[in-house]
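J.: Here it is, the structure in full.
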Ligand code: T46
């Protein structure tokens, strides 16, 4: 059974020089192969995103610009992680309820995902999530 402790911060290697920084994510930098990339932008500061869990999907969230909070919940423990450095991303393992809040103005959340979009992988009702965790 996965827990919030499995959702770890991963530092992204950066090549720095006088022209600016270049962050690079190669195959082995994160513990899954990604098949999809999407991003959240123009998110109002009052908006909350997420509010669901995934059955099988792994994701890696990168605050390309600005900052936002990710509230992680494994059904027992809750933890809030603030993402605010473009070279530090958050690994999200399956079976974790997540909420994204407090988006700063102009923030961008880039997400690498282990699979293509599949609504059947989502658990969008909290009680169903609790039932799912109890069966694990
Ligand atoms: C997650 C957080 C961080 C697609 O058609 N393709 C896609 O790849 C995605 C991610 C979404 N959609 C559709 C599904 C919905 O009709 O876009 C709409 C909004 O999706 P959702 O309400 O799931 O968006 P968020 O920001 O609440 O959640 C997304 C991801 O869905 C989710 O996996 O962990 O970002």
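Coordinate-derived values only; no laboratory data. Remember, predicted model here, so these are calculated numbers, not experimental data. Note: ideal-geometry Cβ built from the backbone for every residue, glycine included; neighbour counts use all protein chains shown.
J.: Within the group 22, 83, which residue is surrounded by 18 or more Cβ atoms within 10 Å (Cβ to Cβ), without any contact (Cβ under 8 Å) to a residue 40 or more places away in the chain, more than 10 Å from the ligand (Cβ to nearest atom) and under 17 Å from residue 11 (Cα atoms)? Explain how you work it out, then say what you get.
T.: On the way: 22 fails: surrounded by 18 or more Cβ atoms within 10 Å (Cβ to Cβ).
Going through 22, 83 in turn, the sole match is 83.
J.: Related question: Among the residues of segment 105-116, is any closer than 17 Å to residue 5 by Cβ and in contact with a helix residue (DSSP H, G or I) (Cβ under 9 Å, 6 or more places away or on another chain)?
T.: Of segment 105-116, the ones closer than 17 Å to residue 5 by Cβ are none.
The answer is no, given that none of the residues of segment 105-116 is closer than 17 Å to residue 5 by Cβ and in contact with a helix residue (DSSP H, G or I) (Cβ under 9 Å, 6 or more places away or on another chain).
J.: Is it true that some residue in segment 112-119 is assigned to a strand (DSSP E or B) and surrounded by fewer than 18 Cβ atoms within 10 Å (Cβ to Cβ)? First the steps, then the outcome.
T.: Step one: filter segment 112-119 for residues assigned to a strand (DSSP E or B), giving 112-113.
Going one step further and asking which of them are surrounded by fewer than 18 Cβ atoms within 10 Å (Cβ to Cβ), we end up with none.
No; the residues of segment 112-119 include none that is assigned to a strand (DSSP E or B) and surrounded by fewer than 18 Cβ atoms within 10 Å (Cβ to Cβ).
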